[in-house]
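Trainee: Have a look at this one.
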Amino acid sequence: MRQLTNIQEIETAVNEYGDIVISKNNKNNVIVMTMSEYRKKLIEDEIEKKLLASEEDYKNGNIRNAEDVFKEWETKYGI
C-alpha cells in the first residue's frame, strides 16, 4: 500500500499494477493498493476477526473437549 497525492499518480499506479483499489486507512488517509494486496488484507482481516471471536469464546467458557468433537464428527460424517 502506498499513499498517492494526485490523479497522475493514480493513473501511473493503474498502468503499472493493473486493477487497483482506492480506500481509506484508519488514519483517514486515501490509499491505493493492488487487487492482490486488497485480497490479502481481506483474508488477514477475516482471520483476525475469527481469532478475536475464538479468544472471546474461550474467555466466556464456550469450549469443548476435542475428543468429544472428533467422536461427534465420526458419528455424523463417518470420518
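Trainee: What pairs come out if I take residues in the range 18-36 that are without any contact (Cβ under 8 Å) to a residue 24 or more places away in the chain and pair them with residues that are open to solvent by 100 Å² or more (accessible area, probe 1.4 Å) whose C-beta lies under 7 Å away, six or more apart or interchain?
Mentor: Listed by first residue and then by second, the contacts come to T34/Y17; M35/D19.
Trainee: To continue, here is another question. Kindly list the number of the only condition in (1) open to solvent by less than 70 Å² (accessible area, probe 1.4 Å); (2) among the small types (G, A, S); (3) not in a loop (DSSP other than H, G, I, E, B) that fails for G61.
Mentor: So G61 meets the others, but not (3).
Trainee: Moving on to the next point. Any residue in the range 65-79 that is open to solvent by 70 Å² or more (accessible area, probe 1.4 Å), modelled with pLDDT under 95, touching a helix residue (DSSP H, G or I) at 6+ places or on another chain (Cβ under 6 Å) and among the aliphatic types (A, V, I, L, M)?
Mentor: Yes, some residue in the range 65-79 is open to solvent by 70 Å² or more (accessible area, probe 1.4 Å), modelled with pLDDT under 95, touching a helix residue (DSSP H, G or I) at 6+ places or on another chain (Cβ under 6 Å) and among the aliphatic types (A, V, I, L, M).
Trainee: Go through the residues of the range 3-18 one by one and say whether even a single one is touching a helix residue (DSSP H, G or I) at 6+ places or on another chain (Cβ under 8 Å), in a strand (DSSP E or B) and either modelled with pLDDT of 90 or more or of a type in the set (A, V, I, L, M, F, W, C) (or both).
Mentor: No; the residues of the range 3-18 include none that is touching a helix residue (DSSP H, G or I) at 6+ places or on another chain (Cβ under 8 Å), in a strand (DSSP E or B) and either modelled with pLDDT of 90 or more or of a type in the set (A, V, I, L, M, F, W, C) (or both).
Trainee: Another one. Looking at the range 42-62, I want the residues that are at negative phi and have a partner that is modelled with pLDDT under 95 and open to solvent by 100 Å² or more (accessible area, probe 1.4 Å) with Cβ atoms under 8 Å, at least 6 apart or on another chain. Which pairs are those?
Mentor: From residues that are at negative phi, the pairs are D57/I63.
Trainee: Can you spot a residue in the range 29-36 that is in contact with a Gly (Cβ under 9 Å, 6 or more places away or on another chain), polar (S, T, N, Q) and either at pLDDT below 90 or assigned to a strand (DSSP E or B) (or both)? Show your work before the answer.
Mentor: Restricting attention to the range 29-36, the residues satisfying the condition of being in contact with a Gly (Cβ under 9 Å, 6 or more places away or on another chain) are 34-35.
In the following step, the residues that additionally are polar (S, T, N, Q) were identified as 34.
The next check asks that each one be either at pLDDT below 90 or assigned to a strand (DSSP E or B) (or both); those that pass are 34.
Checking the range 29-36: at least one residue is in contact with a Gly (Cβ under 9 Å, 6 or more places away or on another chain), polar (S, T, N, Q) and either at pLDDT below 90 or assigned to a strand (DSSP E or B) (or both).
Trainee: Select from the range 4-29 the residues that are surrounded by 10 or more Cβ atoms within 10 Å (Cβ to Cβ) and under 19 Å from the mean Cα position of the chain (by Cα) and list them in ascending order.
Mentor: I20, V21, I22, S23, N25, listed by residue number.
Rundown of residues vs (1) aromatic (F, W, Y); (2) closer than 23 Å to K24 by Cα; (3) over 27 Å from the mean Cα position of the chain (by Cα), yes/no style:
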site: Y38; (1), (2), (3): yes, yes, no
site: I47; (1), (2), (3): no, yes, no
site: E55; (1), (2), (3): no, no, no
site: K59; (1), (2), (3): no, no, no
site: N65; (1), (2), (3): no, no, yes
site: D68; (1), (2), (3): no, no, yes
site: T75; (1), (2), (3): no, no, yes
site: G78; (1), (2), (3): no, no, yes
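The values are calculated or read from the model by the stated rules, or taken from the named source; none is laboratory data. In this text the structure is predicted, and so the values were computed from the model without any measurement. Every residue, glycine as well, gets a Cβ built from its backbone with ideal geometry; the counts of neighbours run over all protein chains shown. The area values use the complete protein model at the heavy-atom level, side chains included, leaving out ligands, DNA and RNA. Shrake-Rupley method; radii C 1.70, N 1.55, O 1.52, S 1.80 Å.
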